[in-house]
Amino acid sequence: MEVFTTKLESVLLIKPPTVFEDFRGHYIETYNRNAYFTAGIPIDFIQDDISVSHRHVLRGIHGDAKTWKLISCLQGSFYMVVVNNDARSSQYRQWEAFTLSDTNRLQVLVPPNFGNGHLVMSDRAIFHYKQSTEYDRAGQFTLLWNDPALKIWWPVANPIVSQRDQGPAKS
Ligand SMILES: Cc1cn([C@H]2C[C@H](O)[C@@H](COP(=O)(O)OP(=O)(O)O[C@H]3O[C@H](C)C(=O)[C@H](O)[C@H]3O)O2)c(=O)[nH]c1=O
């Protein structure tokens, strides 16, 4: 298991504990509580989620003030952006992009007060995340993927987004 810091404080890029490949395909240990605690990620995740999306669907940018998320790509690939939405932080509104796929098997740890959004770059992608709180839609904020103030670069100009993600933003 390898853990890398990123440009954004507390946002980590993780190569999971095991990726075994043989003539049948792959076996990946995507989470192991002991290994993650030992690696300095002592977070108790209590809910797992997946979302399945078609090419050029963009979900997000969403987050809240309480939840840690461990994000993986189970199938396909997506371009994911993480944004610091903590007004107390010196990195407030700074963002960083990552490509997660079912070949690189990378994971991203997203802390509370950060938003995440992902844009599917394969025919279909399965976005998986472990989260440290139960779902609370009322507690979520929404940042606009195309907010001119954030100046986020996306590989697609006209993604498929939900009504919520078309705006207005809700911080
Ligand atoms: C997040 C969540 C949603 N839902 C229900 C609520 C809606 O009926 C339906 C779709 O929810 P929503 O449109 O908010 O899903 P996304 O736009 O993909 O956003 C979610 O997935 C992106 C990628 C995020 O990272 C956010 O955490 C989360 O907001 O799933 C639940 O039942 N439980 C949940 O934990």
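The table below lists the values:
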read-out	value
Residue tally, condition under 10 Å from the mean Cα position of the chain (by Cα), more than 11 Å from V110 (Cβ to Cβ) and either surrounded by fewer than 19 Cβ atoms within 10 Å (Cβ to Cβ) or near the ligand (Cβ under 8 Å from one of its atoms) (or both), over region 60-74	0
Matching residues, region 147-171, being assigned to a loop (DSSP other than H, G, I, E, B) and touching a His at 6+ places or on another chain (Cβ under 6 Å)	V156, P159
Filter result for V161 (more than 22 Å from D44 (Cα to Cα), within 11 Å of the ligand (Cβ to nearest atom) and of a type outside the set (F, W, Y))	yes
Residue in region 11-32 that is assigned to a strand (DSSP E or B), more than 12 Å from the ligand (Cβ to nearest atom) and crowded, with 17+ Cβ neighbours inside 10 Å present	yes
Failed item, numbered, when L144 is tested on (1) crowded, with 19+ Cβ neighbours inside 10 Å; (2) not in a loop (DSSP other than H, G, I, E, B)	(2)
From N158, N84, residue being surrounded by 16 or more Cβ atoms within 10 Å (Cβ to Cβ), at pLDDT 95 or above and not aromatic (F, W, Y)	N84
Test: F37 is open to solvent by 60 Å² or more (accessible area, probe 1.4 Å), modelled with pLDDT of 95 or more and of a type in the set (A, V, I, L, M, F, W, C)	yes
Selection within region 104-117 - within 14 Å of L58 (Cβ to Cβ) and either polar (S, T, N, Q) or open to solvent by 10 Å² or more (accessible area, probe 1.4 Å) (or both)	N116
Flag if A97 is surrounded by fewer than 19 Cβ atoms within 10 Å (Cβ to Cβ), in a strand (DSSP E or B) and small (G, A, S)	yes
Single unsatisfied condition, Y135 versus (1) within 16 Å of Q94 (Cα to Cα); (2) within 16 Å of the chain's Cα centre (by Cα); (3) surrounded by fewer than 20 Cβ atoms within 10 Å (Cβ to Cβ)	(1)
Any pair with Cβ under 7 angstrom, 6 or more apart, that starts in region 33-50 at a residue that is part of a strand (DSSP E or B) and ends at one that is open to solvent by 40 Å² or more (accessible area, probe 1.4 Å) and among the hydroxyl-bearing types (S, T, Y)	Q47/Y135; D49/Y129
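Residues checked against (1) polar (S, T, N, Q); (2) at pLDDT below 95:
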{"residue": "H26", "(1), (2)": "no, yes"}
{"residue": "I41", "(1), (2)": "no, no"}
{"residue": "S53", "(1), (2)": "yes, no"}
{"residue": "L58", "(1), (2)": "no, no"}
{"residue": "I61", "(1), (2)": "no, no"}
{"residue": "I71", "(1), (2)": "no, no"}
{"residue": "G76", "(1), (2)": "no, no"}
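The values are calculated or read from the model by the stated rules, or taken from the named source; none is laboratory data. Values in this document were obtained by computation on a predicted structure and should not be read as measured data. Because the Cβ atoms are built from the backbone with ideal geometry, glycine has one as well, and the counts that use them run over all protein chains shown. Just the protein is used for accessible areas: all its heavy atoms, side chains included, with ligands, DNA and RNA removed. Shrake-Rupley method; radii C 1.70, N 1.55, O 1.52, S 1.80 Å.
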